[in-house]
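Peer 1: First the structure, then my questions, so here it is.
The values are calculated or read from the model by the stated rules, or taken from the named source; none is laboratory data. Everything quoted here is computed from the prediction, not taken from an experiment. For neighbour counting, all protein chains shown are included, and Cβ atoms are generated from backbone atoms with ideal geometry for every residue, glycine included. With ligands, DNA and RNA removed, areas are computed over all heavy atoms of the protein, side chains included. Shrake-Rupley method; radii C 1.70, N 1.55, O 1.52, S 1.80 Å.
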Amino acid sequence: MTVEGSAARGGCMCGAIRYEASGDPISVIFCHCESCRKHSGSPVSALAGFHRSQLRFTRGERATYESSPGITRGFCGDCGTTLTWEGNDDELGPLVEIHIGTADEPGNLAPQMHLHHAERVPWFETSDSLPRYREWEDS
Ligand SMILES: [Zn+2]
Ligand SMILES: [Zn+2]
């Protein structure tokens with residue numbers, strides 16, 4: 001895959017971990033779930049989801065933590081930067097979502113929806129008109 005036109009390139013704060021995604025993300029979301037909140041230390045996370053085959057780690061080995069059965073969270077073991085959510089979707093197969101704050105150009109990755117909106121921190125609200133789902137897209 002060519003680097004030109006890559007949908008997302010990025011890495012952690014210290015530079016030990018670098019990744020590169022090819023093609024467009026499957027989805028870009030705000031996630032308000034408690035697990036993302038704990039993992040990121042942020043009241044809301046913004047994530048760009050790719051099929052595992054679209055994403056390549058070009059430098060370093062991310063550390064991982066299994067946050068629930070079958071779900072791992074990636075981060076840099078050196079600087080602690082929150083990097084990924086990784087799991088399996090029944091239909092789409094292995095997925096990796098990157099926290100878009102780690103992308104070199106997060107401006108290219110605009111969220112399309114809010115997920116787990118029911119779990120949001122009560123004082124968090126934005127003025128965007130994106131759809132808000134209690135959990136997933138059908139809720
Ligand atoms: Zn790092
Ligand atoms: Zn989440």
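Peer 1: Enter the accessible area of ARG37 (Å², nearest 10), with the probe set to 1.4 Å and all protein chains included.
Peer 2: Using a 1.4 Å probe on the heavy atoms, I get roughly 70 Å².
Peer 1: If I compute solvent accessible area with a 1.4 Å probe over the protein chains, what percent of it on the chain is carbon and sulfur?
Peer 2: 48
Peer 1: Also, I was wondering about something else. Which FRET efficiency, nearest 0.05, do ARG59 and ILE26 yield, Cβ-Cβ r, R0 22 Å?
Peer 2: Efficiency, from the Cβ-Cβ distance: 0.40.
Peer 1: To continue, here is another question. Say a paramagnetic label sat at a point 7 Å from the Cα of ARG9, along Cα to Cβ; which residues of the range 73-110 have their backbone N under 12 Å from it?
Peer 2: 104-105
Peer 1: Roughly speaking, what is the stretch gain from GLU137 to ILE71, that is 0.36 nm per residue apart minus the C-alpha to C-alpha distance, in nm to one decimal?
Peer 2: 21.8 nm
Peer 1: No solvent, one uniform scatterer per C-alpha: report log10 I(q)/I(0) for the chain via the Debye equation at q = 0.09, 0.22 1/Å, two decimals.
Peer 2: For the requested q values the scattering log ratios are -0.25, -1.52.
Peer 1: At 0.36 nm per residue, minus the direct Cα-Cα distance, what do SER42 and ASP128 gain on full extension? Give it in nm, one decimal, please.
Peer 2: Taking 0.36 nm per residue and subtracting the Cα distance, the gain is 29.1 nm.
Peer 1: Here's a follow-up. On a full-extension model of 0.36 nm per residue, what is the gain between GLU34 and ASP89, subtracting their alpha-carbon distance, rounded to one decimal in nm?
Peer 2: So the chain would gain 17.8 nm between GLU34 and ASP89.
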